[in-house]
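A.B. asks: Here it is, the structure in full.
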Amino acid sequence: MSSNMLNLEAKLSSKIFDSDIEMVPTRNGYGEGLVRAGKENKNVVVLCADLTESTRSHLFAKEFPERFFEVGVAEQNMATIAAGFGISGKIPFISSYAVFSPGRNYEQIRTTIAYNDSNVKVAGAHAGISVGPDGATHQATEDMAIMRAMPNMKVLCPCDAIEAKKATVAAAKIWGPVYLRFGREKSAVITTEGTPFTPGKAEVFWQSRKPECAIIACGILVHNALLAAHDLEKEKIGTIVLNNHTLDPIDDRVVKEVAKKTGAVVTVEEHQITGGLGGAVAEVLARVFPVPIEFIGMQDIFGESGPPHDLVEKYGMGVKDIKKAVKKVIKRK
Amino acid sequence: MEPLHEGKLKHLEELATGIRETIIETLLEAKSGHSAGPLGMADIFTALYFHILNHRPKKPDWSDRDRLILSNGHICPVRYVTMAYAGYFPIEELKTLRKINSRLQGHPHRGVLPGVETTSGPLGSGISQAIGVALTARLDNKKYFVYCVTSDGEHQEGNAWEAIMFAGKQKHKLNNLIVIVDRNNIQIDGFTEEIMPLEPFVEKYEAFNWHVMEVDGHNMTEFVDAVNEAKAIYEKPTVIIAHTIPGKGVSFMERDFAWHGKPPNKEEAEQALKELRTLGTRIKSEHE
Ligand SMILES: Cc1ncc(C[n+]2csc(CCOP(=O)(O)OP(=O)(O)O)c2C)c(N)n1
Ligand SMILES: [Mg+2]
């Protein structure tokens, strides 16, 4: 099939362009990853602030009740208790919604986890506008920016539930503070167990023969990026789609490489366009290989209540928006 | 403010039952949102909006109005419904709760809906915001009172106790601040006393130098009397710990923390409405 230019080495799902693709929230991957990490290493402990089930940390709590700590609605307390664990040999994961952790407890994370270089993993669930009906108070759209700006902190934003599980297991093995970002809503499972995943290494998911633009995406919108690439191929516009799950440290070698190959970039994220993936890519390219860039994401605005899919469209992160941005950026070359 | 006489009480009780019915209908239409807290606080909100607050629904930005800060934003269905009943906006608009382009956000947002004083949802930060408003009243020599509705669960937030400590400082003279706690003993993961005990709750507030009262949150006469006492207290802020039954009025929701954050489905809503209508009829007949 000529319009399908998926990178075979990425071993992606065969259903990416089908309407019956499996849908699972990325937070499920977190819960499953915690259980795996807990089995692999007895030093893994998990804390939660009254959101045990919705962050999926209940899976770990069930398996390892003695290593699970309910702190109540107290994210600041959760972060600082975890900091103590992390400096004394444990590998704590703290779980809440991203607006509350790392939102509410930003300063505690900065001081007692990042500056302290304590081995804490911060898991922010319900990130992005796809949180839906709960509205803007619960839709974290600045979390990657604040965590990326923080020294010592690594930032991962997995693209689906399978990658989320791999990222969680990997985080337990990375020494030092890590931020993991997850979504609430069911989203397309685009990778498979066999898809390569190494923190810090961006993966090419789509590779046209004559790419004119690179779409660099993260999180659940990688799926929209692939759908856009598929449509554009039919219109004879070639692209590369990069799954850039690690924002910090960003894979500047591969980012530079795709910019060089195509001469134009579109970034795609469920986050403010400042400070997140768009910011990270722009910072790299401004330094090593400047090309025109268009930014898909929240345009310096808060979200609102609504069905997740409709919100993604309303706020300009739909497939058609990505296609438009690709065409626009190619014209700017 | 005058105490509740018998006739007014009956009127308010009927109103509260109607508000509970509308909460159920609104949640059913929204397909998501919180049931237990809003039902449990329907009597308190009815008493506030229809007897206690000095306010003008048609002039929501009237500068001398009493302020009602809702700290536990997730119970906003009860606030929205009561506000609609009080005339702040058309009852019809309740159908837009949690939908796209709505003024009725899943958690209340200041600015889009006149009468909503603060954006809330993230827990534990309402009392401190209420303090800011109450201090403004002091500085501006305004006579309005600041009411802050808060939940028991959010008293697990450090931020809440930072605020309570601040307000208890005598120098601040925050006797214009009245905090109302929805003491319903539940939160998302279970019962407060099992998740993270709040007791001895009264003594804690007293230790922070507050005037503390406890009321039955479903007895509006008691609640109105407590507010009157709070207004008369000169040297301290007051907290009214209102003992409520989460899900009050709907048998299968009452006291069950599973109903913290979900709406009824069609069958459940029908059952709930049946029970509430029976209750409404009973109140009416007692009245006659
Ligand atoms: C800072 C913060 N952390 C976590 C949450 C998620 N949350 C929403 S309601 C709630 C339960 C709090 O208990 P309470 O307010 O007593 O609940 P209710 O009595 O209404 O069931 C939690 C943990 C939140 N909204 N804000
Ligand atoms: Mg409660």
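A.B. asks: Sorted by packing (mean other beta-carbon atoms within 10 Å per residue), highest first, where do B:261-270, A:239-248, B:247-256, A:48-57 land? Mind showing how you got there, number by number?
C.D. replies: Numbers: B:261-270: 15.2, A:239-248: 26.9, B:247-256: 18.7, A:48-57: 24.7.
Ranked by mean Cβ neighbours within 10 Å, highest first: A:239-248, A:48-57, B:247-256, B:261-270.
A.B. asks: What does the structure give for A:45-54 when I average, per residue, the other chain Cβ atoms found within 10 Å of the residue Cβ?
C.D. replies: Details: counts 0, 0, 0, 1, 6, 11, 2, 4, 2, 3.
The mean count of partner-chain Cβ atoms within 10 Å per residue comes to 3.
A.B. asks: At 1.4 Å probe size, with no ligands or nucleic acids counted, give the accessible surface of residue A:231 in Å², nearest ten.
C.D. replies: Solvent-accessible area, nearest 10 Å²: 50 Å².
A.B. asks: Using a Förster distance of 60 angstrom, determine the FRET efficiency expected from the C-beta separation of residue B:6 and residue A:302, and round it to 0.05. Intermediate values should be presented prior to the final figure.
C.D. replies: Numbers: r = 48 Å, r/R0 = 0.79.
The formula returns an efficiency of 0.80 here.
A.B. asks: Could you name the aspartates and glutamates whose alpha carbon sits less than 18 Å from that of residue A:260, not counting residues in the same chain fewer than 8 places away?
C.D. replies: Straight-distance partners of residue A:260: A:203, A:212, A:251, A:252, A:283, A:294.
A.B. asks: Here's another thing I want to ask about it. Greater than 29 Å separation of Cα atoms is the criterion. Which listed pairs, A:154/A:210; B:204/B:274; A:15/A:210; B:59/B:204; B:248/B:284; B:8/B:231, meet it? Could the numbers behind the result be given before it?
C.D. replies: Values: A:154/A:210 34 Å; B:204/B:274 41 Å; A:15/A:210 24 Å; B:59/B:204 38 Å; B:248/B:284 18 Å; B:8/B:231 21 Å.
Pairs exceeding the cut-off: A:154/A:210; B:204/B:274; B:59/B:204.
A.B. asks: Loop only by DSSP, 13 or fewer other Cβ within 10 Å of the Cβ. Give me the chymotrypsin sites (Phe, Trp or Tyr not before Pro) in segment B:44-82 that pass, ordered by residue number. Provide the component values of the computation, followed by the final result.
C.D. replies: Working: sites: B:45, B:49, B:50, B:62, B:80; in loops: B:62.
Passing both the DSSP loop test and the Cβ count: B:62.
A.B. asks: Within 10 Å of each Cβ in peptide B:94-101, how many partner chain Cβ atoms are there on average? Round it to a whole number, please.
C.D. replies: 4
A.B. asks: Could you work out the local net charge near residue B:159, counting Lys and Arg as +1, Asp and Glu as -1, over the other residues with Cβ closer than 13 Å to its Cβ? Intermediate results must be reported in sequence, preceding the final value.
C.D. replies: Details: positive: A:104; negative: A:75, A:107, B:154, B:157, B:162.
Residues near residue B:159 contribute -4 overall.
A.B. asks: Another question about this same structure. Looking only at B:242, B:134, B:207, which one moves most when chain B is put into a Gaussian network model with springs between Cα atoms under 10 Å?
C.D. replies: Result: B:207 has the largest fluctuation of those listed.
A.B. asks: Taking the Cβ of residue A:291 as the center, what net charge do the other residues with Cβ under 15 Å away carry, scoring Lys and Arg +1 and Asp and Glu -1? Show your work: numbers first, answer last.
C.D. replies: Values: positive: A:256, A:260, A:261, A:287, A:328, A:331, A:332, A:333; negative: A:212, A:252, A:257, A:283, A:294.
Residues near residue A:291 contribute +3 overall.
A.B. asks: Return a whole-number percent for the relative contact order of segment A:24-188, with Cα pairs under 8 Å and 6 or more residues apart as the contact set. Don't skip to the answer; put the middle values down first.
C.D. replies: Working: 378 pairs, mean separation 49.9, N = 165.
Normalised by residue count, the contact order of segment A:24-188 is 30 percent.
A.B. asks: Would you compute, from DSSP H runs of 4+ residues alone, the mean residue ellipticity of chain A at 222 nm, taking -39500 (n - 2.57) per run and dividing by the full residue count, rounded to the nearest 500?
C.D. replies: On the way: 10 runs with 108 residues, N = 333.
Computed ellipticity for chain A at 222 nm equals -10000 deg cm²/dmol.
A.B. asks: Something else about it: Would you mind telling me the antiparallel percentage of the DSSP bridges in segment B:6-287, rounded to 5? Kindly include the intermediate steps, with their values, before the conclusion.
C.D. replies: Details: 1 of 23 bridges.
Restricted to segment B:6-287, the bridges split so that about 5 percent are antiparallel.
A.B. asks: Moving on to the next point. Looking at chain B as a GNM with Cα springs under 10 Å, which of B:203, B:21, B:222 has the largest mean-square fluctuation?
C.D. replies: It is B:203.
A.B. asks: Next question, about the same structure. Protein chains only, probe 1.4 Å: how do B:276, B:4 rank by accessible area, largest first?
C.D. replies: Values: B:276 0, B:4 20 Å².
Order by accessible area, largest first: B:4, B:276.
A.B. asks: Report the net charge of residues surrounding residue B:115, where surrounding means a beta-carbon distance below 14 angstrom and charges are Lys +1, Arg +1, Asp -1, Glu -1.
C.D. replies: Details: positive: B:56, B:58, B:59, B:65, B:67, B:79, B:103, B:110; negative: B:61, B:66, B:93, B:117.
For residues surrounding residue B:115, the net value is +4.
A.B. asks: Hey, another quick one. Ordering A:9, A:63 from largest to smallest accessible area (1.4 angstrom probe), what's the sequence?
C.D. replies: Details: A:9 145, A:63 95 Å².
Sorted descending by solvent-accessible area, the residues read A:9, A:63.
A.B. asks: Percent relative contact order of chain A, based on C-alpha pairs within less than 8 angstrom and at least six residues apart? Provide the component values of the computation, followed by the final result.
C.D. replies: Values: 818 pairs, mean separation 63.2, N = 333.
Once divided by the residue count of chain A, the mean separation gives 19 percent.
A.B. asks: How far is helix A:277-288 tilted off the main Cα axis of chain A, in degrees rounded to 10, range 0 to 90?
C.D. replies: Between helix and principal axis, roughly 60 degrees.
A.B. asks: Now a separate question. Return the whole-Å distance between the Cα centroid of segment A:95-161 and the Cα centroid of segment A:291-333.
C.D. replies: Answer, in whole Å: 22.
A.B. asks: Shifting gears a bit: Give the cross-link partners of residue B:236 among the aspartates and glutamates, using a straight C-alpha distance below 20 Å as the criterion and excluding same-chain residues fewer than 8 apart.
C.D. replies: The reachable aspartates and glutamates, counting only those whose Cα sits under 20 Å from residue B:236, are B:66, B:140, B:162, B:203, B:206, B:214, B:225.
A.B. asks: Another one. Rank these by accessible area, largest first, 1.4 Å probe: A:174, B:19.
C.D. replies: Details: A:174 35, B:19 0 Å².
Sorted descending by solvent-accessible area, the residues read A:174, B:19.
The values are calculated or read from the model by the stated rules, or taken from the named source; none is laboratory data. Given the structure is predicted, the values throughout are model-derived calculations rather than measurements. Because the Cβ atoms are built from the backbone with ideal geometry, glycine has one as well, and the counts that use them run over all protein chains shown. These accessible areas exclude ligands, DNA and RNA; they are computed on the full protein's heavy atoms, side chains included. Shrake-Rupley method; radii C 1.70, N 1.55, O 1.52, S 1.80 Å.
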